[in-house]
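Here the structure is laid out as structure tokens; the discussion comes afterwards.
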Amino acid sequence: MHIFTAVVERCPETNLYVGFVPGFPGAHTQGETLDELNKNLKEVIEMLMEDGAPQLEAEFVGTQTVMVA
């Protein structure tokens with residue numbers, strides 16, 4: 001079993017959820033709901049992994065809050 005962290009945003013133009021796995025080329029998709037997005041991410045990751053586990057180009061570390069005056 002592999003576990004990946006996805007970044008999720010909501011597109012203001014389409015109102016769709018957009019998700020991608022940092023450092024995993026091609027691992028991105030969208031969905032109308034978070035459940036649909038999760039299902040779509042799982043499908044695209046499974047498809048990309050058909051040739052074996054990926055060599056990630058980056059590692060997700062976390063988020064930071066930046067205050068600007």
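The values are calculated or read from the model by the stated rules, or taken from the named source; none is laboratory data. What you see is a predicted model, and the numbers here were worked out from it, not measured in a lab. Here the Cβ is made from the backbone with ideal geometry for all residues, glycine too, and neighbour counts use every protein chain on show.
Structure notes:
- Residue within the range 44-57 that is under 12 Å from the mean Cα position of the chain (by Cα) and either at pLDDT 95 or above or not acidic (D, E) (or both) present: yes
- L41 being surrounded by 15 or more Cβ atoms within 10 Å (Cβ to Cβ) and out of contact with any helix residue (DSSP H, G or I) (no Cβ under 7 Å at 6 or more places or on another chain): yes
- A residue that is farther than 23 Å from Q64 by Cα, of a type in the set (A, V, I, L, M, F, W, C) and exposed (fewer than 13 other Cβ atoms within 10 Å of the Cβ) can be found somewhere in the range 1-16.
- Pick from the range 28-62, criterion in a loop (DSSP other than H, G, I, E, B), of a type outside the set (D, E, K, R) and without any contact (Cβ under 8 Å) to a residue 24 or more places away in the chain, ranking: nearest to P12 (Cα to Cα): T33
- Residues being touching a strand residue (DSSP E or B) at 6+ places or on another chain (Cβ under 6 Å) and within 19 Å of E59 (Cα to Cα) - total across the range 1-17: 4
- All told, T65 falls short of being surrounded by 14 or more Cβ atoms within 10 Å (Cβ to Cβ) and free of Cβ contacts under 8 Å to residues at least 60 places away in the same chain.
- Selection status of A69, modelled with pLDDT of 90 or more, touching a helix residue (DSSP H, G or I) at 6+ places or on another chain (Cβ under 6 Å) and on the phi < 0 side of the Ramachandran plot: no
- Selection status of G19, without any contact (Cβ under 8 Å) to a residue 60 or more places away in the chain, touching a helix residue (DSSP H, G or I) at 6+ places or on another chain (Cβ under 6 Å) and outside any loop (DSSP other than H, G, I, E, B): yes
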